[in-house]
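Structure, as structure tokens:
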Amino acid sequence: MLKQPMIEKLLAMRLHGMADSLKTQEQDPAARELSFLERLGLLVDQQWNWRENQALGRRLKNAKLRTNACVEEIDFRGARGLDKSVIRALVQESAWVGTHENVFVLGPTGVGKSFVASALAQKACRDGYSALYTRAQSLFRDLAMARADGSLRNLLARLARIDVLVIDDWAMAPLSEPERRDFWEICEDRYQVRSTILTSQLPVSRWHEQIGDPTLADGILDRLVHNAHRIEMRGDSMRKNRGKPNA
């Protein structure tokens, strides 16, 4: 079979990695010294890597992460209370996602909670899990709109399928009756089968009063707190520090 028709057939079968590898081999004199199985192995490896990269790209796009955060860029030098050993344990193959645990990232505004949460979600995507970032206010707005147009069950079902749900700025304001019932549904659907990352300026001890209804608050926190890792950050706002002129 001539090379160009072969490449066209590979592309038609969506074997783009193999097609690229074949072109590379044709241009590399050293490849001609390899056996058939060795060259085939290179083609298969390239196709595998291409598929994995394509899948990762889709997961990252669907995650809608707020920043291009990654765990390798987390800054441990400042006095922000970040424990490198805790972060290292969480990012080890994102095992906490596999065991359906949660993560709370707590601290005052501007200390980098969203970055850390997004970095953990991005690492989970790299480890093969799906993720979605949303701010609490946006989540509740979407839930209200879905209830109004009759698509609430579909939205809740989509959220239930996401491996890592990142909810930023959680408990910033007291929840309304529909909000706390919807959030209870989310927590119930995800309990022991999915993982959730919550960032909040308020300590966990204040969440009960922000949820409001004692019965629903007990149910929500029972499904969130007992299998959660806590990352408690402190310090001045990094935004304020970036705004200072250099001395």
Can you name every residue in the range 20-55 that is farther than 30 Å from residue 128 by Cβ and either charged (D, E, K, R) or surrounded by 12 or more Cβ atoms within 10 Å (Cβ to Cβ) (or both)? 26, 28, 31, 32, 33, 34
Can you tell me which residues in the range 122-135 are over 17 Å from residue 160 (Cβ atoms) and within 8 Å of the chain's Cα centre (by Cα)? 122, 123, 125
I'm checking my understanding of the structure. Among residues of the range 1-19 that are surrounded by 14 or more Cβ atoms within 10 Å (Cβ to Cβ) and of a type in the set (A, V, I, L, M, F, W, C), which one is farthest from residue 129 (Cα to Cα)? 7
Is at least one residue of the range 26-40 without any contact (Cβ under 8 Å) to a residue 40 or more places away in the chain, touching an Asp or Glu at 6+ places or on another chain (Cβ under 8 Å) and not assigned by TED's automatic domain parsing to the domain that holds residue 127? no
Residue match in the range 103-113 (condition: in contact (Cβ under 8 Å) with a residue 40 or more places away in the chain, of a type in the set (S, T, N, Q), assigned to a loop (DSSP other than H, G, I, E, B) and closer than 24 Å to residue 220 by Cβ): yes
Members of the range 55-88 found to be at positive phi and over 11 Å from the mean Cα position of the chain (by Cα), listed by number: 81
Name the residues in the range 130-182 that are surrounded by 17 or more Cβ atoms within 10 Å (Cβ to Cβ), closer than 19 Å to residue 216 by Cα and acidic (Asp, Glu), would you? 179, 182
Count of residues meeting criterion [in a helix (DSSP H, G or I), within 17 Å of residue 232 (Cβ to Cβ) and touching a residue at least 40 places away in the same chain (Cβ under 8 Å)] in the range 43-101: 4
Test residue 128 against the criterion of being at pLDDT 95 or above and in a loop (DSSP other than H, G, I, E, B), and give yes or no. yes
Meets criteria (within 30 Å of residue 121 (Cβ to Cβ), touching a helix residue (DSSP H, G or I) at 6+ places or on another chain (Cβ under 9 Å) and not hydroxyl-bearing (Ser, Thr, Tyr)) for residue 60: yes
So residue 178, is it in contact with a Gly (Cβ under 7 Å, 6 or more places away or on another chain) and assigned by TED's automatic domain parsing to the domain that holds residue 98: no
If residue 81 satisfies every condition in (1) modelled with pLDDT under 95; (2) surrounded by 12 or more Cβ atoms within 10 Å (Cβ to Cβ); (3) closer than 30 Å to residue 16 by Cα but one, which is the exception? (3)
In this structure, is residue 204 under 17 Å from the mean Cα position of the chain (by Cα) and among the hydrophobic types (A, V, I, L, M, F, W, C)? no
Go through the range 184-201 and give me each residue that's among the hydrophobic types (A, V, I, L, M, F, W, C) and touching a residue at least 40 places away in the same chain (Cβ under 8 Å). 193, 197, 198
Answer with yes or no whether residue 228 is crowded, with 17+ Cβ neighbours inside 10 Å, of a type in the set (A, V, I, L, M, F, W, C) and either touching an Asp or Glu at 6+ places or on another chain (Cβ under 9 Å) or at pLDDT below 95 (or both). yes
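The values are calculated or read from the model by the stated rules, or taken from the named source; none is laboratory data. Keep in mind it's a predicted model, so treat the numbers as computed, not measured. No Cβ is skipped: glycine too gets one built from the backbone with ideal geometry, and neighbour counts run over all protein chains shown.
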